[in-house]
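Just below is one structure, and these are the notes that go with it.
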Amino acid sequence: MLGKGLQSSHHPLSRPRSLWSAFHIDPILLALLLLLIGGGLVVLYSGADRNIEVVKAQGIRMGIALVVMLVFAQLDPAVFRRWAPWLYLAGLAGLVAVLLAGVGAKGAQRWLAIPGLPRFQPSELMKLVVPMMAAWYLSRHFLPPSLSRVGVSLLIVLAPMAMIILQPDLGTSLLVGTAGLFVVFFAGMSWRLIAAFVAMVSVAAPLMWFFVMRDYQKQRVLTLLDPQSDPLGAGWNIIQSKTAIGSGGVDGKGWLQGTQSHLEFLPESHTDFIVAVLAEEFGFIGMLVLMAVYLLIILRCLYIAATAQDSFSRLLAGALTMTFFIYIFVNVGMVSGLLPVVGVPLPLVSYGGTSSVTLMAAFGVLMSIHTHRRMISA
C-alpha cells in the first residue's frame with residue numbers, strides 16, 4: 001500500500017499544475033507577443049503623427065485579440081479537428097455571400113455587413129480555416145499523401161483562393177493559399193510533386209497576367225521593376241519608403257524624429273508601411289531588434305509544432321507558424337522594394353484589427369496544441 005502511495009505521488013498526472021497550465025497559456029510565447037505588441041504601439045504613436053486616439057483604438061483591438069487568443073487556447077485540439085469541415089463550409093459560404101452582397105471600398109468588395117454585427121471580412125478567417133481543413137483531411141490518411149490526396153488538398157486550398165482573388169484581394173488570397181500549401185508540404189509531399197507544382201505555377205503565371213490580374217495589380221509589378229518610371233504616381237510609395245529606411249542609418253534619427261513620416265512624404269505610415277517608420281527612427285539596430293523578436297516567436301512556434309503529439313496538430317502548427325513568417329517576409333519585402341505592394345500588414349505592429357485578431361487566434365491554437373498534450377508516464 002505504501003509503495004503504491006509513493007508511486008502515485010510521483011506520477012506525472014499528480015503533479016500540481018501551474019497557473020499557466022491551468023489556463024493553457026505558454027508563458028514564453030505570451031511574453032514575446034506582449035513585447036512585440038508593446039513595441040508596436042510605441043512605433044504606431046510616431047507613425048500616426050502622435051495621434052493618441054489611434055494608439056488607444058489599436059490598444060483596444062489588441063486587447064480583444066488577446067482575449068480571442070486565450071479563448072482559443074482553452075479549446076482542445078480535438079475540437080478544431082472536429083469542427084474543421086464545418087468551419088470550412090461556413091467560410092466558403094461567407095466568401096460567396098461577399099461576392100453576391102458584400103460591401104466594399106476603393107473598388108474592392110471584401111466585407112459583409114450583417115445588421116446588428118460589426119462589419120467583418122470572411123477572407124481573413126480563411127487564413128486559419130484553410131490550413132485547419134487541409135490538416136484535417138491529410139491527417140485522416142497515411143502520410144506521405146498519395147497523388148490523388150495531394151490533388152484533393154490543392155482543391156481545398158484553391159477554391160477559397162479563387163473566390164478571394166475575385167473580390168479582388170490578391171494579398172489575402174496569397175496568404176490563404178500559402179497557409180494551405182504549407183500543410184501539404186509538411187505532410188510529406190515529394191520533391192517530384194513540388195517540382196511539378198512549381199512548373200505548373202510558372203506556366204500559369206503568364207495566363208494570370210493576361211486573364212486574371214487587374215490593371216492596378218499589373219501596375220504594382222511594373223512599379224516594382226522600375227519605380228522611377230512614375231516617381232510622383234505609382235512609384236511614390238516605394239521611393240519614399242526606401243528613402244525613409246536608408247535615412248535611418250545605423251541607430252536612427254530618434255523616436256518621433258522621422259522626417260519622411262512626420263512631413264507626410266511616407267504614405268500609409270501607420271499601416272502597411274510602418275516598418276519604414278521604425279527603420280527611419282530606430283535605424284538598423286531597431287530593425288535587428290524587431291527581427292530578433294519575430295525570430296524568437298517563430299522558433300518557439302516551430303518547437304510547439306515539433307513536439308505536437310498527432311499528425312493534425314503537427315501539420316496545423318507548422319502551417320500557422322510559416323504563415324506568420326510569410327506575413328513578415330512579404331511586408332518587409334514590399335516596403336523595402338523587393339516585392340510588389342500587395343497590402344499585407346506588418347503582423348501585430350501595423351494599425352488594424354481583423355488581421356491581428358486572426359493572428360492571435362492562430363497563436364491561441366498553437367498554445368492549445370502545446371498545453372493540451374497528454375502526459376505519458378515512463
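For this structure, a couple of remarks:
- Some residue of segment 312-322 being at positive phi and of a type in the set (Gly, Ala, Ser): no
- Criterion: surrounded by 15 or more Cβ atoms within 10 Å (Cβ to Cβ) and within 29 Å of residue 305 (Cα to Cα) - qualifying residue of 47, 91: 91
- Taking (1) in contact (Cβ under 8 Å) with a residue 40 or more places away in the chain; (2) within 25 Å of residue 211 (Cα to Cα); (3) open to solvent by 70 Å² or more (accessible area, probe 1.4 Å) in turn, residue 126 satisfies each apart from (3).
- Candidate set from segment 188-217 (those that are closer than 14 Å to residue 165 by Cα and of a type in the set (Phe, Trp, Tyr)); member that is least open to solvent (accessible area, probe 1.4 Å): 209
- Test: residue 149 is exposed (fewer than 14 other Cβ atoms within 10 Å of the Cβ) and among the charged types (D, E, K, R): no
- Looking across 271, 259, 323, one residue alone is within 18 Å of residue 363 (Cα to Cα) and either over 22 Å from the mean Cα position of the chain (by Cα) or of a type outside the set (A, V, I, L, M) (or both). It is 323.
For every residue, the table says whether it meets (1) open to solvent by less than 10 Å² (accessible area, probe 1.4 Å); (2) closer than 24 Å to residue 343 by Cα.
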residue	(1), (2)
271	no, yes
276	yes, yes
279	yes, yes
285	no, no
288	no, yes
293	no, yes
302	no, no
310	no, no
314	no, no
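- Test for residue 257: is it at pLDDT below 95 and part of a loop (DSSP other than H, G, I, E, B): yes
- The set of residues in segment 234-254 being open to solvent by 10 Å² or more (accessible area, probe 1.4 Å), outside any helix (DSSP H, G or I) and not acidic (Asp, Glu) consists of 234, 249, 250, 252, 253, 254.
- Residue within segment 331-343 that is part of a helix (DSSP H, G or I), among the small types (Gly, Ala, Ser) and at pLDDT 95 or above present: no
- Residue check, residue 139 of a type in the set (Ser, Thr, Tyr), open to solvent by 10 Å² or more (accessible area, probe 1.4 Å) and closer than 24 Å to residue 365 by Cα: yes
- Selection status of residue 171, out of contact with any helix residue (DSSP H, G or I) (no Cβ under 6 Å at 6 or more places or on another chain), within 29 Å of residue 142 (Cβ to Cβ) and either without any contact (Cβ under 8 Å) to a residue 24 or more places away in the chain or open to solvent by less than 60 Å² (accessible area, probe 1.4 Å) (or both): no
- Among the conditions (1) in contact (Cβ under 8 Å) with a residue 24 or more places away in the chain; (2) more than 20 Å from residue 78 (Cβ to Cβ); (3) open to solvent by less than 30 Å² (accessible area, probe 1.4 Å), the only one that residue 343 does not satisfy is (3).
The values are calculated or read from the model by the stated rules, or taken from the named source; none is laboratory data. Fair warning: this is a prediction, and the values are worked out from it, not measured in the lab. Note that we place each Cβ from the backbone using ideal geometry, even for glycine, and neighbour counts take in every protein chain shown. These accessible areas exclude ligands, DNA and RNA; they are computed on the full protein's heavy atoms, side chains included. Shrake-Rupley method; radii C 1.70, N 1.55, O 1.52, S 1.80 Å.
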